[in-house]
Amino acid sequence: MATPHIAAEKGDFAPAVLMPGDPRRAERIANLLMPDARKVSDVRGIGAYTGTVDGKPLSVMASGMGMPSLGIYANELFSQFDVRRIIRVGTAGGLAHKVKVGDVVVALGAHTDSAMNTTRIPGIHFSAVASYPLVAAAVAAAGSDTTIHVAPVVSRDHFYGNPAEQVQALADYGTLAVEMEAAGLYAIAAQYDREALAVLTISDHLLDHSQDMTAEEREHNFERALALAVAAAHC
Ligand code: HPA
């Protein structure tokens, strides 16, 4: 049965969904991974694709940008389409010297400044954490690659305006990157007793913008993160 934002039937989605932010990246990922991909929904330009990878079912659907947008799709996928796990495959800004542009961060947890999580359980500062089996599968797929990191990130409501003292404090607390969706995804997965992970390619660096990827490069430099995401999707 269609939902307000997904025009598909229950069986149209695989149990695992890869979720980039960008709809064009979703289409590219679907075509890259699944010769048998078929489009199962296309509401508001957010295409959803389902097919198989090595005989195992997989879906790919974009989240749009930010936790409010991702929250709409994650809620509907978990509650109406029997989706069991969502793996975000996105980009993030580096905020500590330990990470470089092009590195990959497997987001173990996600701090946030968003009211979406701070109001979730009254009186509690919710800890948005990834699902351990998915983290373990991504880490196993990473092997000994030292440019793949497993660490907390921060999911912010604003893309522009990262206060320098906040960036420094987050880095001091071991946070490696900033993006806008993981904390919302992890909380919604917890709400529905489902699984989630975010695998993030560092596309720019808050401490040094000289190596930042162009919009074009952002669209193409996600293959390594994708391999980890597929391993997590099918673990
Ligand atoms: N903030 C800063 N830089 C980024 C982000 C973000 O949310 N996403 C990708 N690069």
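Determine Rg/Rh for the chain; Rg is computed over alpha-carbon atoms and Rh is the Kirkwood hydrodynamic estimate from the same atoms.
Values: Rg = 16.5 Å, Rh = 17.5 Å.
My calculation of the ratio gives 0.95.
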Quiz item: Among 196-203, 90-97, how do they line up from the highest to the lowest mean number of other beta-carbon atoms within 10 Å?
Solution: 196-203, 90-97
Self-check item: Cβ-derived FRET efficiency at R0 25 Å, A151 paired with I121, nearest 0.05
Solution: 0.55
Practice problem: Go from 0 up to the bin containing the longest alpha carbon distance in the stretch 100-235, width 5 Å each, and give me the % of pairs per bin. | Solution: 2, 10, 19, 22, 21, 15, 8, 2, 0
Exercise. Using per-residue counts of other Cβ atoms within 10 Å, averaged over each peptide, order 212-220, 61-69, 20-28, 161-169 from highest down.
Key: 61-69, 20-28, 212-220, 161-169
Exercise. Could you work out how far apart the two model spin labels at A7 and F159 are, taking each label as a point 7 Å from the Cα in the direction of the beta carbon, and quote it in nm?
Key: 2.7
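Which order do the peptides 125-133, 77-85 come out in when sorted by mean C-beta neighbours inside 10 angstrom, highest first?
Going by the mean number of other Cβ atoms within 10 Å, highest first, we get 77-85, 125-133.
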Quiz prompt | MRE, 222 nm, helices only [DSSP H, n ≥ 4, -39500 (n - 2.57), over the chain, to nearest 500] | solution = -9500 deg cm²/dmol
Quiz item: Taking the DSSP beta bridges in the chain as the whole, what percent of them are antiparallel, to the nearest 5?
Solution: 40
Practice problem: Would you calculate the separation in nanometres between label points at E219 and D42, each defined as 7 Å from the Cα along the Cα-to-beta-carbon direction? | Solution: 1.7
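Read the figures in this text as sums done on the coordinates, not as results from a lab. Treat the numbers as computed from the prediction; the structure is a model and nothing was measured. All Cβ positions, glycine included, derive from the backbone under ideal geometry; neighbour counts span all protein chains shown.
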